[in-house]
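In what follows, a single structure is set out as structure tokens and then discussed.
The values are calculated or read from the model by the stated rules, or taken from the named source; none is laboratory data. All values derive from a computational prediction rather than experimental measurement. Quick reminder, even Gly has a Cβ in these numbers, built from the backbone with ideal geometry, and neighbours come from all protein chains shown.
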Amino acid sequence: MRLRIFCLVVLVLFAVTLAFTASLTTQTSAAQQSKPQITHVPAVYTDPSSGSAMFHAYCASCHGNDGKGDGPAAPALKNLPADLTHLAAKNSARFPELQVAQAIRGDWMTTAHGNKEMPVWGPVFLYLAHHDPAIAQLRVRNLTKYVESMQKK
């Protein structure tokens, strides 16, 4: 009799544990499905002389069309993208051109970019330039100048 009761208790505990685990798995997968996912796609070719075209092709998905950090991919990131319109204001009214260019190339990682959520564009620009460093640098310079033009006055 005691053996039957013991087996019944073990069976009930097993069933409750199994049901709880299934419920937890369903809740976890539902939460993961509700969070936006970022799909990685190859970089499209843009005109290296157009900072605007490059910004909208490569940066706007996270930083937003106006650079305020509210792009459609922003909710899927661990850290919100930087508001690029206030870089000069945060730097004593001087646009930090060198730091922006270094962040674009991947030479300088800010705290927000240290987790590699922001793509490192230097190698991508070099690839798009068919490994011509002058054209890759032209891309970085024109993109940096476009970000400078976005600064709040």
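Taking the conditions exactly as written (at pLDDT 95 or above, within 19 Å of Pro42 (Cα to Cα), surrounded by 13 or more Cβ atoms within 10 Å (Cβ to Cβ) and not hydroxyl-bearing (Ser, Thr, Tyr)), does Val124 satisfy them or not? No. Close Cβ contacts (under 7 Å, 6 or more residues apart or on different chains) running from residues in segment 49-66 that are farther than 17 Å from Ala82 by Cβ to residues that are among the acidic types (Asp, Glu) and not in a helix (DSSP H, G or I) comprise Ala53/Asp47. One residue stands out in segment 127-142 among those that are of a type in the set (A, V, I, L, M) and farther than 20 Å from Glu97 by Cβ: the one that is surrounded by the most Cβ atoms within 10 Å (Cβ to Cβ), namely Leu128.
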